[in-house]
Amino acid sequence: MGEHDITLTVNGEKHSLTVESRKLLVHALRDDLGLTGTNVGCESTLCGACTVHLDGDAVKSCTMFAVQADEADITTIEGLADETLHPVQASFEVEHGLQCGYCTPGMVMVATDLLSENPDPDDDEIREGIEGNLCRCTGYQNIVRAVETAAARMDDGAVEGD
Amino acid sequence: MFPDEFDYYRANTVEETRELLTEFADQEVELLAGGHSLIPTMKSGLASPDILMDISEIDALSGVSVAEDVVRMGAVTSYADLLEHGALEAAAPAFYSAVDHVGDRQVRNRGTVGGNLAHADPAADLPGAALAADATVTIVGQDGERRVSADDLFLGMYMTDVGPDEILTEVTVPRVDAAVAGTYAKKASPSSGYAMVGVAVRLEVVEGEIERARVGASGVLDCGIRLEAVEDVLTGTAITDADPTAAGDVALDGIDETMILSDAQASAEFRGALLETYTERAVAAVLEDARPESAVAD
C-alpha cells in the first residue's frame, strides 16, 4: 500500500494519477499536473503559499498527502479566472497587493475562501483571515486593501474583470 | 520536507480500524485524521511511521449532536465544522472560543478536535479548554469502550491515556441548567501560532453567584492543567464582586515553577508572568459577558 491510483478533479478537469503514499498534494499538483501556480514557501505549514481549495475549503496543500485527496474537487489559483480575472485577482492588481508575487496565489485563495464565508469583513477580520499566510515583501497593508476592495466589488455584484 | 515511505490505508469503520491495529501490531502505526500535527512531524523527519491509517472518512466519528444534557463531537470533526454549532458555543463557550483560536483558517478546515486532544501538544489550545469545559472522551480499545474525563486524560508531554492500539472516538461536554459564560485568552507565538500561554475560563452562574468555576491552562507545563487556585478564588463569589486581578494573582499558586516550560520563545519566568496576565484578562472578559450591567451599558 505504498503506491495508489487516485483521481483528482482539478479546476474542473479529472485526472488519474499513480502516486506514492508519501507524495504531498502540493507536489502532485505542481510536478504531476504541471500546475505550478501553487507555491511551496516553507517546510513548516506556516506560510500558506500552497493554499488551494479542497471541496470548497481553503487548505494548505503541503500538509496533505495526495492520497488523502482522492476523489476530491480541487481549485488552484489557475482555476479562479474564466476569460477575465476573478474579482479578488483584479483587486490585488488594482491595489498593488503584491511585490514579488510568491505569496500571492495563497493569499488570493485564502481571501476568496474568507469572502465566501464573510462577504463584508472589517480590517481585523481580514487580518485574522490571512493569519495562515506569510508575506515577506509588502507588510500586508496593500493585501488587506485588496481584500477590502474585492469585498466591495463582489458585494456590488460586479462582473468578473470589471 | 519529504516524508519517509509508508503504507496508507483508509479505514471505513471503527471496527475495521481496531482490526487493522491488531493486524499491524508489530509495526509502527499512526492514525491520520486532519494530519496537521502528524504530517509536519513526518516532513521534518521527527516521525517515520510504517503505516498511516486514515480514519477521517469514518461517518460515525464525524459530526456534532445535541442531547438534553450533553453535546457530542465526533473525534474527526474539523474545527471549522465545530464552529458552526451554536449549541456547542452555548454549552461550552470557553472551549468554543479555544477552537476558534486554533492555528488559522486553513488549519481549522482540516484539523480535528479528537486529533488535538489525542496528540496533546503542551502548547495546543484544546487540552486546557477541555479541562475548563469538564469534557469527557470515549476511547475504543481491544477490550471495548471506556469513558475518560479530561481531568484524567492528559498525562504528560504528548502523553494521554489513549493506548497505542486505541482510538479516541468522541468528545462530549455537559449542558447544565446554570447560566454559562466562558472565554479563552491566548498569547499566541507569533511564529507558530501555538499557545505560549492560553487560559480558558468557564463560570456557571446561579442567581448572580458563581456556583462553579473551571479554569484550564495550555502552554505552561508539559500538558494542559487546571488552575484550581483561580477556581477557588472565583467560586462562591457574586459576579459583581469577582475580581480579575485577584484571580490573576493566584494563577501560579500550586504550580511547581521549576516545571514551567522554558524555550527560545519564553523563559519559565516570562511564561509565569504571561499566565498571571492572561488569567486576569480571561476572567475580566468572562465577567464582562456575565454581568447584568453590561446589558445596561449597551
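Read-outs: derived from the displayed coordinates by stated rules, not from any lab. If you're wondering where the values come from, they're calculated on a predicted model, not measured in any experiment. Every residue, glycine among them, receives a Cβ derived from its backbone with ideal geometry; neighbour counts consider all protein chains shown.
Using DSSP to define loop residues, name the chymotrypsin sites (Phe, Trp or Tyr not before Pro) in the stretch A:56-162 whose beta-carbon has at most 12 other beta-carbon atoms within 10 Å.
none
In the Gaussian network model of chain B, springs joining C-alpha atoms below 10 Å, which of B:Val102, B:Val206, B:Val137 carries the largest mean-square fluctuation?
B:Val206
Just order B:85-97, A:111-123 by mean Cβ neighbour count inside 10 Å, highest at the front, would you?
Final packing ranking: B:85-97, A:111-123.
If you stretched the chain out fully between B:Thr245 and B:Ala273, how much longer would it get, using 0.36 nm times the residue separation minus the C-alpha to C-alpha distance?
8.8 nm
How crowded by other chains is B:196-205, given as the mean number of beta carbons from other chains within 10 Å of each beta carbon?
That works out to 0 on average.
Got a sec to turn the phi values of the stretch B:21-30 into Karplus ³J(HN,Hα) couplings, 6.51 cos²θ - 1.76 cosθ + 1.60 with θ = phi - 60°, whole Hz, x for Gly and Pro?
Values, residue by residue: 4, 5, 4, 9, 4, 8, 10, 8, 10, 10 Hz.
Based on the Cβ-Cβ distance from A:Glu3 to B:Glu228, what FRET efficiency comes out when R0 is 41 Å, to the nearest 0.05? Write out the running numbers ahead of the final one.
On the way: r = 52 Å, r/R0 = 1.28.
Approximately 0.20, to the nearest 0.05.
Treating only the Cβ of Lys, Arg, Asp and Glu as charged (+1, +1, -1, -1), what charge dipole size does chain B show about its Cα centre? Round to the nearest 20 debye.
On the way: 19 positive and 55 negative charges, 156 e Å.
My answer is approximately 740 debye.
Which residues' amide hydrogens lie under 5 Å from the amide hydrogen of A:Asp73, considering only partners 5 or more residues apart or on another chain, with H built in the peptide plane?
Answer set, sorted by chain and number: A:Asp55.
Net charge near A:Thr63: determine it from the other residues with C-beta under 11 Å of the C-beta of A:Thr63, scoring Lys and Arg +1 and Asp and Glu -1. Before the final figure, lay out each step's value.
On the way: positive: A:Lys60, B:Lys43, B:Arg110; negative: A:Glu43.
In short, +2.
P(r) for the stretch A:43-162, please, calculated from all Cα pair distances in 5 Å bins and given in %.
2, 12, 22, 25, 21, 11, 5, 1
Averaged over peptide B:43-52, how many Cβ atoms belonging to another chain are found within 10 Å of each residue's Cβ? Present the calculation step by step, with values, prior to reporting the outcome.
Values: counts 7, 2, 0, 0, 0, 0, 0, 0, 2, 6.
Per residue, the average neighbour count from other chains is 2.
Given all pairs of different Cα atoms, what value in angstroms does the Kirkwood hydrodynamic radius of the protein assembly as shown take?
23.2 Å
Taking the stretch B:74-231 as the region of interest, what is the percent of Cα-Cα pairs per 5 angstrom bin, listed from the shortest bin to the one with the maximum distance?
Result, from short to long distances: 2, 10, 19, 24, 21, 14, 7, 2, 0, 0 percent.
Using a 10 Å cut-off on Cβ to Cβ distances, tally the other chain neighbours for every residue of A:51-62 and report the average as a whole number.
That works out to 4 on average.
What number results when the radius of gyration of the stretch A:16-89, computed over Cα atoms, is divided by 2.2 N^0.38 Å?
Against the compact-globule rule of thumb, the ratio is 1.08.
Kyte-Doolittle mean at least 0.5 and Cα extent at least 27 Å along the axis: which DSSP H helices of chain A qualify?
none
Name the residues of the stretch A:1-33 whose amide N is less than 13 Å from a point 7 angstrom out from the Cα of B:Glu5 along the C-beta direction?
A:1-4, A:20-23
In percent, what relative contact order does chain A have, based on Cα pairs under 8 Å that are 6 or more apart in sequence?
Reported as a whole number, the value is 24 percent.
Hey, if you put +1 on the Cβ of every Lys and Arg and -1 on every Asp and Glu Cβ in chain B, which of B:His101, B:Leu131, B:Gly254 ends up farthest toward the positive end of that dipole?
B:His101
Please state, rounded to one decimal and in Å, the Kirkwood hydrodynamic radius that chain B gives when every pair of distinct Cα atoms enters the mean of 1/r.
On the way: mean 1/r = 0.0510 Å⁻¹.
Kirkwood radius, chain B: 19.6 Å.
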